[in-house]
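Report on the structure given below.
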Amino acid sequence: MRTFDRNYIDGAFVPVTGEEFVDIVDPATEGVVGRARLASRDDARRAVEAAMRAQPAFGHASVAERIGMLERLQAAMLAQADALLEATITEYGGPVARAQWVADYAAQCFGDAARALSSYAFERTVGGSIVVMAPVGVSALFAPWNSTAGTMASKLAAAIAAGCATVIKPSELSPWQAHVVARAIHASGLPPGVVNIVTGLGADVGAEIGTHPGVAKLSFTGSTPTGKLIARGAVDTMKRVSLALTGKSASLLLEDADLDAALPLALGAAFMNSGQACVAGTRLLVPRVRMSEVLDRLRSAVAALRVGDPRDPSTAIGPMVSRAQYERVQHFIRRGLDQGATLISGGEGRPDGLDRGWFVRPTVFAAVRNDMDIAREEIFGPVLSVLPVDSEDEAIAVANDSPYGLQAYVFSTDAARARRAALRLQAGTVLINRVAPDLLAPFGGVKQSGMGREFGVMGMEAFLEPKTITAA
Ligand code: NAD
């Protein structure tokens with residue numbers, strides 16, 4: 001049994017003062033593997049105050065100093081890769097390949113930010129003035145449970161590159177993963193107060209940080225309803241806000257697509273991170289003329305997917321993070337059936353042979369209409385909706401008929417046609433014939449999937465503000 005009862009504030013691990021504990025449950029076994037003490041509002045205020053003390057000096061750290069810090073962070077994250085792998089598997093249920101990707105990515109973020117920083121022009125001449133890109137100030141970084149270390153690292157890397165001291169609020173479901181990241185940060189020897197981490201509930205600790213007058217910038221990743229709360233709370237002190245929110249991505253399979261190549265990718269897009277991914281391509285739009293061969297192939301591909309022990313390297317889909325998430329997925333599978341979608345694979349309940357753990361059956365529905373709940377709402381589990389379309393125009397219209405627009409996918413053998421479709425899709429990112437993201441290019445959503453961009457130079461610019469100096 002592990003106990004997590006320390007915040008990371010002002011360069012030291014200090015006792016959490018909150019009175020409440022939460023159990024850490026291994027979602028693959030439902031066994032309690034640890035517990036965490038939840039931070040209090042006092043802890044949150046202490047963390048913000050430490051960042052406020054650090055900001056004036058850190059805001060003037062040279063580019064070379066900040067690159068040095070990012071390089072140390074990258075090395076320190078790499079040194080924690082095994083510990084992070086273990087935490088991601090045990091606390092979250094991430095299959096080993098995914099957990100390994102997360103560990104590599106968390107380190108890589110710092111290297112990418114150092115590269116973006118090294119060639120960035122912080123000072124330019126505009127008109128007759130000098131424009132200096134200045135750090136926005138103390139920044140609060142909020143991370144969701146489905147991507148704890150990756151979100152903490154990518155936001156922190158951008159904030160450090162820009163010269164912003166930070167307070168990080170990871171999800172209350174991820175104290176172990178957050179603690180491993182905190183250990184790496186501590187080992188990298190940053191000046192005290194530049195990074196502070198408090199693990200507590202969103203409604204009190206998150207709200208305290210998100211409305212604190214000493215915080216200048218909020219960078220939030222999570223659900224759209226919480227993002228709206230955060231944005232409303234930010235307005236009184238006019239905090240700058242970046243929101244990375246809910247997705248309900250469409251995958252367009254164009255008529256000329258090579259199914260051998262496209263369908264494994266489309267299925268990978270739908271079920272990545274056990275389906276608990278904001279960028280999951282959960283609406284597959286298929287030309288009616290190709291529907292029966294697509295469904296036949298999907299049926300056999302899904303049957304071949306291994307669901308189970310996240311430690312087994314052959315596992316494609318691990319458990320859902322919690323009982324609540326398991327129940328949410330069951331609810332949507334029932335809604336799909338009730339609203340008349342056709343079940344192709346999976347369905348309600350656990351997969352055969354798994355009677356413990358929050359495992360769900362990877363599920364594919366066909367004959368889905370875009371007004372059904374399973375097509376409109378983010379399920380956050382391995383549930384794919386296949387929608388028939390009669391033309392490319394209809395595919396674009398259906399894809400865009402969503403309140404969300406995070407990441408879309410296009411599969412086609414005609415590069416020019418795929419690019420034309422990509423330009424018409426309402427999404428922050430469109431991936432063509434691939435599911436791997438480009439981590440140097442801007443990432444973020446349109447419509448209710450968020451505002452602002454992360455990664456690379458634009459991710460750093462989200463923590464900078466232009467200051468104009470005009471002399472007589
Ligand atoms: P969530 O919105 O419930 O919580 C996200 C974070 O905000 C957590 O740390 C939570 O404790 C905190 N929080 C909650 N209420 C708060 C408040 N009032 N003030 C401040 N902080 C508060 O999201 P979740 O369930 O942890 O994560 C899943 C969601 O995140 C999904 O909707 C998914 O699509 C989204 N997500 C988006 C992206 C993206 O890049 N767009 C990436 C990953 C996850």
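The values are calculated or read from the model by the stated rules, or taken from the named source; none is laboratory data. Only a predicted model underlies this, so the values are computations on that prediction, with no experimental measurement involved. Neighbour counts are summed over all protein chains in view; Cβ atoms, including those assigned to glycine, are modelled from backbone coordinates with ideal geometry.
Evaluate the following for residue 170: is it free of Cβ contacts under 8 Å to residues at least 40 places away in the same chain, within 28 Å of residue 273 (Cβ to Cβ) and within 21 Å of the chain's Cα centre (by Cα)?
Details: free of Cβ contacts under 8 Å to residues at least 40 places away in the same chain: yes; within 28 Å of residue 273 (Cβ to Cβ): yes; within 21 Å of the chain's Cα centre (by Cα): yes.
Yes.
Of all residues in segment 123-149, count the ones that are assigned to a helix (DSSP H, G or I) and either buried (at least 23 other Cβ atoms within 10 Å of the Cβ) or away from the ligand (no atom under 14 Å from the Cβ) (or both).
Here is the first cut: in segment 123-149, the ones assigned to a helix (DSSP H, G or I) are 145-149.
If we keep only those that are either buried (at least 23 other Cβ atoms within 10 Å of the Cβ) or away from the ligand (no atom under 14 Å from the Cβ) (or both) too, we end up with 146-149.
Qualifying residue count for the region: 4.
Inspect segment 395-410 for any residue being part of a strand (DSSP E or B), away from the ligand (no atom under 15 Å from the Cβ) and modelled with pLDDT of 95 or more and give the result as yes or no. Break it down into steps so the answer makes sense when it comes.
First, the residues of segment 395-410 that are part of a strand (DSSP E or B): 404-405, 407-410.
Checking the rest, the ones that are also away from the ligand (no atom under 15 Å from the Cβ) come to 409-410.
Pick out the ones that are also modelled with pLDDT of 95 or more and you get 409-410.
Yes, there is a match, as at least one residue in segment 395-410 is part of a strand (DSSP E or B), away from the ligand (no atom under 15 Å from the Cβ) and modelled with pLDDT of 95 or more.
Would it be correct to say that residue 222 is under 26 Å from residue 464 (Cβ atoms) and either surrounded by 24 or more Cβ atoms within 10 Å (Cβ to Cβ) or within 12 Å of the ligand (Cβ to nearest atom) (or both)?
Numbers: under 26 Å from residue 464 (Cβ atoms): yes; either surrounded by 24 or more Cβ atoms within 10 Å (Cβ to Cβ) or within 12 Å of the ligand (Cβ to nearest atom) (or both): yes.
Answer is yes for this residue.
Regarding residue 256, is this residue surrounded by fewer than 24 Cβ atoms within 10 Å (Cβ to Cβ), at negative phi, touching a residue at least 60 places away in the same chain (Cβ under 8 Å) and not assigned by TED's automatic domain parsing to the domain that holds residue 142?
On the way: surrounded by fewer than 24 Cβ atoms within 10 Å (Cβ to Cβ): yes; at negative phi: yes; touching a residue at least 60 places away in the same chain (Cβ under 8 Å): yes; not assigned by TED's automatic domain parsing to the domain that holds residue 142: yes.
Considered against the rule, which asks whether it is surrounded by fewer than 24 Cβ atoms within 10 Å (Cβ to Cβ), at negative phi, touching a residue at least 60 places away in the same chain (Cβ under 8 Å) and not assigned by TED's automatic domain parsing to the domain that holds residue 142, residue 256 comes out as yes.
Have a look at 92, 120, 105 and point out the one that is surrounded by fewer than 18 Cβ atoms within 10 Å (Cβ to Cβ), out of contact with any Cys (no Cβ under 6 Å at 6 or more places or on another chain), at pLDDT 95 or above and not aliphatic (A, V, I, L, M). So that I can check it myself, show each step before the final result.
Numbers: 92 fails: surrounded by fewer than 18 Cβ atoms within 10 Å (Cβ to Cβ); 105 fails: surrounded by fewer than 18 Cβ atoms within 10 Å (Cβ to Cβ).
Of 92, 120, 105, the one residue that is surrounded by fewer than 18 Cβ atoms within 10 Å (Cβ to Cβ), out of contact with any Cys (no Cβ under 6 Å at 6 or more places or on another chain), at pLDDT 95 or above and not aliphatic (A, V, I, L, M) is 120.
Is it true that some residue in segment 162-171 is at pLDDT 95 or above, among the small types (Gly, Ala, Ser) and within 16 Å of the ligand (Cβ to nearest atom)?
Taking segment 162-171 and keeping what is at pLDDT 95 or above, we get 162-171.
If we keep only those that are among the small types (Gly, Ala, Ser) too, we end up with 162-163, 165, 171.
Filter again for within 16 Å of the ligand (Cβ to nearest atom), leaving 171.
Yes, because at least one residue in segment 162-171 is at pLDDT 95 or above, among the small types (Gly, Ala, Ser) and within 16 Å of the ligand (Cβ to nearest atom).
Test residue 321 against the criterion of being aliphatic (A, V, I, L, M) and surrounded by 23 or more Cβ atoms within 10 Å (Cβ to Cβ), and give yes or no. Walk me through how you get there before you give the answer.
Values: aliphatic (A, V, I, L, M): yes; surrounded by 23 or more Cβ atoms within 10 Å (Cβ to Cβ): yes.
Taking the combined requirement at face value, the residue satisfies it.
Can you tell me which condition residue 229 does not meet? The list is (1) more than 22 Å from residue 426 (Cα to Cα); (2) touching a residue at least 40 places away in the same chain (Cβ under 8 Å); (3) near the ligand (Cβ under 8 Å from one of its atoms), and all the others hold.
Tallying (1) more than 22 Å from residue 426 (Cα to Cα); (2) touching a residue at least 40 places away in the same chain (Cβ under 8 Å); (3) near the ligand (Cβ under 8 Å from one of its atoms), residue 229 fails exactly one: (2).
Take the residues in segment 172-190 that are polar (S, T, N, Q) and surrounded by 24 or more Cβ atoms within 10 Å (Cβ to Cβ); name whichever of them is nearest to the ligand (Cβ to nearest atom). Write out each step before concluding.
Initially, segment 172-190 is screened for residues polar (S, T, N, Q), giving 174, 177, 188.
Among the residues that remain, those that are also surrounded by 24 or more Cβ atoms within 10 Å (Cβ to Cβ) are: 174, 177.
On the way: 174: 8, 177: 12 Å.
Among those residues, the one meeting the criterion is 174.
Kindly provide the set of residues from segment 191-215 that are more than 16 Å from the ligand (Cβ to nearest atom) and either surrounded by fewer than 23 Cβ atoms within 10 Å (Cβ to Cβ) or basic (Lys, Arg) (or both), ordered by number.
Listed by number, the residues that qualify are 191, 192.
Can you confirm whether segment 368-383 contains a residue that is crowded, with 19+ Cβ neighbours inside 10 Å and acidic (Asp, Glu)? Write out each step before concluding.
So in segment 368-383, the residues crowded, with 19+ Cβ neighbours inside 10 Å come out as 368, 372, 374-375, 378-383.
After this cut, where a residue has to be acidic (Asp, Glu) as well, the list is 378.
Within segment 368-383, one or more residues are crowded, with 19+ Cβ neighbours inside 10 Å and acidic (Asp, Glu).
Tell me the residue from 420, 434 that is of a type in the set (D, E, K, R) and more than 26 Å from residue 112 (Cβ to Cβ), please. Explain how you work it out, then say what you get.
Values: 434 fails: more than 26 Å from residue 112 (Cβ to Cβ).
Of the residues listed, the single one that is of a type in the set (D, E, K, R) and more than 26 Å from residue 112 (Cβ to Cβ) is 420.
Every residue in segment 82-121 that is closer than 18 Å to residue 465 by Cα, of a type outside the set (Ser, Thr, Tyr) and free of Cβ contacts under 8 Å to residues at least 60 places away in the same chain, please.
121
Per-residue answers, yes or no, for (1) within 15 Å of the ligand (Cβ to nearest atom); (2) without any contact (Cβ under 8 Å) to a residue 40 or more places away in the chain:
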site	(1), (2)
413	no, no
419	no, yes
423	no, yes
448	yes, no
452	yes, no
457	no, no
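So how many residues does segment 422-450 have that are in a strand (DSSP E or B) and crowded, with 19+ Cβ neighbours inside 10 Å?
The initial filter retains those residues of segment 422-450 that are in a strand (DSSP E or B), namely 429-432, 443, 446-447, 450.
Those still in the list that are crowded, with 19+ Cβ neighbours inside 10 Å too: 429-431, 443, 450.
Going through segment 422-450 one residue at a time, the tally reaches 5.
State which residue is farthest from residue 120 (Cα to Cα) when the search covers only segment 150-201 and only residues that are β-branched (Val, Ile, Thr) and in a loop (DSSP other than H, G, I, E, B).
Here is the first cut: in segment 150-201, the residues β-branched (Val, Ile, Thr) are 151, 160, 166-168, 180-181, 185, 194-195, 197-199.
So of that shortlist, the ones also in a loop (DSSP other than H, G, I, E, B) come out as 194, 198-199.
Details: 194: 21, 198: 31, 199: 33 Å.
So, considering only residues that are β-branched (Val, Ile, Thr) and in a loop (DSSP other than H, G, I, E, B), the one farthest from residue 120 (Cα to Cα) is 199.
Given the residues 346, 357, 336, which is the only one that is assigned by TED's automatic domain parsing to the domain that holds residue 426, in a loop (DSSP other than H, G, I, E, B) and at pLDDT 95 or above? Walk me through it before giving the result.
Values: 346 fails: in a loop (DSSP other than H, G, I, E, B); 336 fails: in a loop (DSSP other than H, G, I, E, B).
After applying the criteria, what remains is 357.
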